[in-house]
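Encoded as structure tokens, the structure appears first; notes follow it.
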Amino acid sequence: MSDPTPHHVGVTVSDLDRAVDFYTETFGLDVAAEFAVGGEAFADAVDVDGAAAEFAHLVADGGGNETVVELVAYDPEGEPAPDPELNRPGAIHLGLSVDDVAEFYRELDDDVETLSEPRTTESGTTILFVVDPEGNLIEVLDA
């Protein structure tokens, strides 16, 4: 049996171009690859009849700790997930670290939604939750 290693974090979106713009502009991620996948094997693998999808792989290179964020838009598109609530079992969020959360927050565009201003938890970590245009949550924390 082989040892698993991290490969990517997948985020399903309805508008791939809008999502790519958000993640590249807000977080400075770079587009590493864009591609489409379809066919019977793909549809069977994702268990969606007739599925095809467009993908964008985005990377943030943090000193050798490369993180791949996979944005994917499916055809056919499913129903939107319920509003993300972090205390809901099965809730998922993406975590990205920055040098200074407070500075990151001050530099955010006015139209970027957050759950609150940056807060320092009792563990000493400063966190901020950003909401992407699809309603997905991204935790921003000090590096």
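The values are calculated or read from the model by the stated rules, or taken from the named source; none is laboratory data. Given the structure is predicted, the values throughout are model-derived calculations rather than measurements. Methodologically, a virtual Cβ is constructed for each residue, glycine included, from the backbone with ideal geometry; neighbour enumeration extends over all protein chains shown. These accessible areas exclude ligands, DNA and RNA; they are computed on the full protein's heavy atoms, side chains included. Shrake-Rupley method; radii C 1.70, N 1.55, O 1.52, S 1.80 Å.
For the reader, a short list of remarks on this structure follows.
- For GLY50, the criteria (1) under 23 Å from LEU115 (Cα atoms); (2) part of a loop (DSSP other than H, G, I, E, B); (3) open to solvent by less than 70 Å² (accessible area, probe 1.4 Å) hold in every case but one, which is (1).
- The set of residues in region 40-60 that are out of contact with any helix residue (DSSP H, G or I) (no Cβ under 9 Å at 6 or more places or on another chain) and in contact (Cβ under 8 Å) with a residue 40 or more places away in the chain contains only HIS57.
- Residue in region 108-123 that is under 14 Å from the mean Cα position of the chain (by Cα) and closer than 22 Å to VAL20 by Cα present: no
- When residues of region 117-138 are limited to those that are part of a loop (DSSP other than H, G, I, E, B) and open to solvent by less than 40 Å² (accessible area, probe 1.4 Å), the one farthest from VAL11 (Cα to Cα): PRO118
- Qualifying residue in region 84-94 (condition: part of a strand (DSSP E or B), touching a residue at least 40 places away in the same chain (Cβ under 8 Å) and open to solvent by less than 70 Å² (accessible area, probe 1.4 Å)): yes
- The residues of region 6-22 that are in a helix (DSSP H, G or I) and surrounded by 13 or more Cβ atoms within 10 Å (Cβ to Cβ), listed by number, are LEU16, ARG18, ALA19, VAL20, PHE22.
- Candidates ALA56, ALA60, ALA73, filtered to the one that is touching a Ser or Thr at 6+ places or on another chain (Cβ under 7 Å), at pLDDT 95 or above and buried (at least 16 other Cβ atoms within 10 Å of the Cβ): ALA73
- Pairing residues of region 23-39 that are outside any strand (DSSP E or B) with residues that are among the charged types (D, E, K, R), at Cβ distances under 9 Å and at least 6 apart in sequence or on separate chains, gives TYR23/ASP132; THR24/ASP30; GLU25/ASP109; THR26/ASP109; THR26/ASP132; GLY38/ASP75.
- Apart from one condition, ALA43 fits all of (1) within 28 Å of THR125 (Cα to Cα); (2) surrounded by 16 or more Cβ atoms within 10 Å (Cβ to Cβ); (3) not β-branched (Val, Ile, Thr); the exception is (1).
- Criterion: touching a residue at least 24 places away in the same chain (Cβ under 8 Å), of a type in the set (D, E, K, R) and open to solvent by 80 Å² or more (accessible area, probe 1.4 Å) - qualifying residue of ASP109, ASP100: ASP109
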